[in-house]
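Please read the structure below before turning to the comments.
The values are calculated or read from the model by the stated rules, or taken from the named source; none is laboratory data. Just so it is clear, the structure is predicted and the values come from calculations on it, not from any experiment. So basically every Cβ, Gly included, is an ideal-geometry build from the backbone, and we count neighbours across all protein chains shown. All accessible areas refer to the heavy atoms of the entire protein, side chains included, with ligands and DNA or RNA removed. Shrake-Rupley method; radii C 1.70, N 1.55, O 1.52, S 1.80 Å.
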Amino acid sequence: MKRENKILIIDCGSQYTQLIARRVRELGVYSEILFWDSPSEKIAASNPMGIIISGGPRSVLDKDAPSLPKELISDVPLLGICYGMQLLAHMFGGTVERGEKAEYGRAFVDVQGGRLFTRCGGDKKLEVWMSHWDEVKKLPEGFRVTARSESGAMAGFESEDGRVCALQFHPEVAHTPRGQDILSAFLFDVCGCSADWTLGMEWIEQEIEKIRTKVGGGRVICGLSGGVDSTVSAVITQRAVGDRLYCIFVDHGMMRKDEGKQVMETYRSLNLNVRYVDAEARFLKALEGVTEPERKRKIIGELFIRIFEEEARSVGGSDWLLQGTIYPDVVESGHSGGGVIKSHHNVGGLPKDMKMGLLEPLRDLFKDEVRRVGAALGVPKHFIGRHPFPGPGLGVRCLGELKKERLDILREADAIFIEEIRRFGLYDDIWQAFCALLPVRSVGVVGDVRTYGETVVLRAVSSLDAMTAEWVRLPYELLDNVSRRICNEVPQVNRVVLDITGKPPATIEWE
Ligand code: XMP
């Protein structure tokens, strides 16, 4: 059976699994993720050119540690990373033991040969990122060592025929500078993949054709959020079905300054058939007196769905619901485990007895890929590059009760912060920047007069995927400008503070 030109990544619980999948796609090869405990038929049906087994927090020595049926992986090239290396050693008859201490962070390895290192420009010493405790002590029979760490620990091995490879370090992270060369060697030399995942007009035309065939003469409805995912989904669907796509944009009154207006202008310039619903008053009424973050989120989410449904009925119903689901949503909702930290909301949960079919044209794409498709479809650059914005909007950035006056204060302060970041040319380097308004007043003094004013927090983070984040070291001059401008231009505010917490332990949003 001819294999499909793609790589399957088996997730053993690593925080880097999605990053591996993205790195593979950056090299032009389609990749997909399945959990190690997915049904065997599902893994077999993937039929990839190669399999990468991810890292993970467990030890292969644990009783119920992640593993795979050997017959599923017996005739396909394999790359085990970190936990994946230990699992391969264990499965093929080698020995894994608990190391004396964990090895974590930047390290150097001595390359001793092997197919994975042939594209590293002949470097014999490589800088890598390590994060492990267990060690492979004895190789399976017929395998050879390809790299060792400076302490002498095994850092890589391969089978005699070079089709089973393993690395103790993480080639997918940026701290392993030769990481993409190593992954390239696996994809192209070991697996024989070709780089055909280009996401150009060809992919777009195919997707348009698929939507056309699926929808036939039916009608499609879509809730636009002002974000990139729903917008790109709508534009590609509009190309397929024209004005049989009905879009609804519910403005819950918790958008940023002038955002509702700007977003509508963009939608119109993209020829989307969109209805604007001003629901500010309904949302604020429903949120009166509510301060508890999860209740706020729940009220906003539920009311959003109710209004969307009312509007959908008023345009005469529909056969299809279009959603801007992207690949990380699919992967993250595919596995149980892990408690709810915050109840995220986009269009919200779908009713079980939904009569409409579901259209999700972007469900195989990562965010950066959605942006590429959007650009090719003519979505303006400034819109595509916007920082992520949560579904409940300023509702989760205005702590305490949500009142129009306080939301307006927050909108003004936030607009100043973003304007200054743009003026310093830093907007595109930052994952997300925004202001939050605290439920705290403090004493100040202006022109010999005592004030008792509001407190604004500045938050700017860098991140790859919002799972973890680091606070951005903004220039003092920028911070100074922002603080002065906010206090001068937003008279209710007399104090501006800076959030210097990473995620973990904080989250990016304040609620
Ligand atoms: P946290 O605060 O959980 O946020 O660190 C991680 C990323 O998710 C965004 N976020 C949301 N996005 N609906 C969304 O569409 C939500 O309810 C929601 N809550 C948080 C947040 O802005 C950050 O980028």
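From the list Gly55, Gly80, exactly one residue is open to solvent by less than 20 Å² (accessible area, probe 1.4 Å) and in contact with a His (Cβ under 8 Å, 6 or more places away or on another chain). Which is it?
None of the other options fit; the residue is Gly55.
With the checklist (1) surrounded by fewer than 21 Cβ atoms within 10 Å (Cβ to Cβ); (2) at pLDDT 95 or above; (3) assigned to a loop (DSSP other than H, G, I, E, B); (4) touching a helix residue (DSSP H, G or I) at 6+ places or on another chain (Cβ under 8 Å) in hand, flag the one item Val379 doesn't pass.
For Val379, the exception is condition (1).
Restricted to segment 349-362, and to residues that are open to solvent by 30 Å² or more (accessible area, probe 1.4 Å) and within 16 Å of the ligand (Cβ to nearest atom), which residue is modelled with the highest pLDDT?
Going through the qualifying residues, I end up with Glu360.
Pick out the one residue from Leu464, Leu407, Leu478 that is closer than 24 Å to Lys381 by Cβ, more than 16 Å from the ligand (Cβ to nearest atom) and not assigned by TED's automatic domain parsing to the domain that holds Leu19.
Just one listed residue meets the conditions, Leu478.
Give the residues of segment 121-138 that are touching a residue at least 60 places away in the same chain (Cβ under 8 Å) and in a strand (DSSP E or B), sorted by residue number.
Ser131, His132, Trp133, Asp134
Can you tell me how many residues in segment 242-259 are in a helix (DSSP H, G or I) and open to solvent by less than 10 Å² (accessible area, probe 1.4 Å)?
The number of residues fulfilling the criteria is 1.
Which one of these is outside any strand (DSSP E or B) and outside the structural domain of Val274 (by TED's automatic domain parsing): Gly162, Gly226?
The conditions single out Gly162.
Can you confirm whether Leu287 is crowded, with 17+ Cβ neighbours inside 10 Å and either under 23 Å from Lys381 (Cα atoms) or touching a Cys at 6+ places or on another chain (Cβ under 6 Å) (or both)?
Spelling it out, it is not the case that Leu287 is crowded, with 17+ Cβ neighbours inside 10 Å and either under 23 Å from Lys381 (Cα atoms) or touching a Cys at 6+ places or on another chain (Cβ under 6 Å) (or both).
In segment 429-443, how many residues are open to solvent by less than 20 Å² (accessible area, probe 1.4 Å) and within 12 Å of the ligand (Cβ to nearest atom)?
Residues meeting the conditions: 5.
Kindly evaluate Val109 against the criterion of being touching a Leu at 6+ places or on another chain (Cβ under 6 Å) and either in contact (Cβ under 8 Å) with a residue 60 or more places away in the chain or surrounded by 13 or more Cβ atoms within 10 Å (Cβ to Cβ) (or both).
For Val109, the condition - touching a Leu at 6+ places or on another chain (Cβ under 6 Å) and either in contact (Cβ under 8 Å) with a residue 60 or more places away in the chain or surrounded by 13 or more Cβ atoms within 10 Å (Cβ to Cβ) (or both) - is met.
When you go through Gly425, Gly400 one by one, which is the residue that is open to solvent by 10 Å² or more (accessible area, probe 1.4 Å), outside any strand (DSSP E or B) and without any contact (Cβ under 8 Å) to a residue 24 or more places away in the chain?
Going through Gly425, Gly400 in turn, the sole match is Gly425.
Given the conditions (1) in a loop (DSSP other than H, G, I, E, B); (2) away from the ligand (no atom under 16 Å from the Cβ); (3) open to solvent by less than 10 Å² (accessible area, probe 1.4 Å), and given that Gly217 satisfies all but one, which numbered condition is not satisfied?
Unmet for Gly217, out of (1) in a loop (DSSP other than H, G, I, E, B); (2) away from the ligand (no atom under 16 Å from the Cβ); (3) open to solvent by less than 10 Å² (accessible area, probe 1.4 Å): (3).
Considering each residue of segment 468-498, count those that are assigned to a loop (DSSP other than H, G, I, E, B) and surrounded by 15 or more Cβ atoms within 10 Å (Cβ to Cβ), and give that number.
4
Has segment 166-188 got any residue that is assigned by TED's automatic domain parsing to the domain that holds Thr17 and more than 29 Å from the chain's Cα centre (by Cα)?
Taking every residue of segment 166-188 in turn, none turns out to be assigned by TED's automatic domain parsing to the domain that holds Thr17 and more than 29 Å from the chain's Cα centre (by Cα).
Looking for something small (Gly, Ala, Ser), out of contact with any Ser or Thr (no Cβ under 7 Å at 6 or more places or on another chain) and within 12 Å of the ligand (Cβ to nearest atom) - is there at least one such residue anywhere in segment 502-509?
yes
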